[in-house]
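Just below is one structure, and these are the notes that go with it.
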Amino acid sequence: MAKYSEQMQAIFERYRATVSSDPVSLDEVAAWALNEGLFRPSPRDVAKLCRDALADSLRQEKRIDAKGRKYRAKHSVRTWIKGQQLSLWADIDNAPRDFMKKSFAQRRQSIVGDCFQIKQDVDHFNDERQDEEPIQIILDFTEDVAEMEATQHPDQDDENAA
């Protein structure tokens, strides 16, 4: 039996083969898959949908601190409990330090994984199109983060200049 992600990938490939190989919205693919009877969620999937909606909503909850910084209110840590991987959630303003340290480390590792994967993808793309100008990707985000911080606190520069 194929894994769930492999089943979803097969649906996408079937859409590309049957309908179109052009870039497409996943909403369109989902509507097609449901219409074709290729996707039938089980009752457990409904609980998973609820869990995923909760997680998406918690990731989006932001607050503003006394210094005007917008920060994420809810954080998670992936952990194993009784042989099952779970995500535990907590509020940043009252979570234990060890919990937040693990959460930040896991989020950083996720960013590293994304950077590694985009480099693999860009390298592959460039290797397959050696007759074209290669796409360059910069993985040092120091300046990007500094620019974003500056736009979050434009009034601080005025205070420091005075």
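The values are calculated or read from the model by the stated rules, or taken from the named source; none is laboratory data. All values derive from a computational prediction rather than experimental measurement. FYI the Cβ positions are ideal-geometry reconstructions off the backbone, even for glycines, and counts take in every protein chain you see.
Here are some notes:
- The strands (runs of 3 or more DSSP E) found entirely in region 59-162 include none that carry 3 or more residues being touching a Cys at 6+ places or on another chain (Cβ under 9 Å), among the aromatic types (Phe, Trp, Tyr) and modelled with pLDDT of 95 or more.
- Tabulated pairs, region 111-134, first within 27 Å of Val145 (Cβ to Cβ), second of a type outside the set (Gly, Ala, Ser) and part of a helix (DSSP H, G or I), C-beta under 7 angstrom, 6+ apart or interchain: Pro134/Asn126
- In region 36-51, the count of residues that are among the aliphatic types (A, V, I, L, M), over 18 Å from the mean Cα position of the chain (by Cα), surrounded by 10 or more Cβ atoms within 10 Å (Cβ to Cβ) and part of a loop (DSSP other than H, G, I, E, B) is one or more.
- Any chance Arg14 is part of a helix (DSSP H, G or I) and either modelled with pLDDT under 95 or not aliphatic (A, V, I, L, M) (or both): yes
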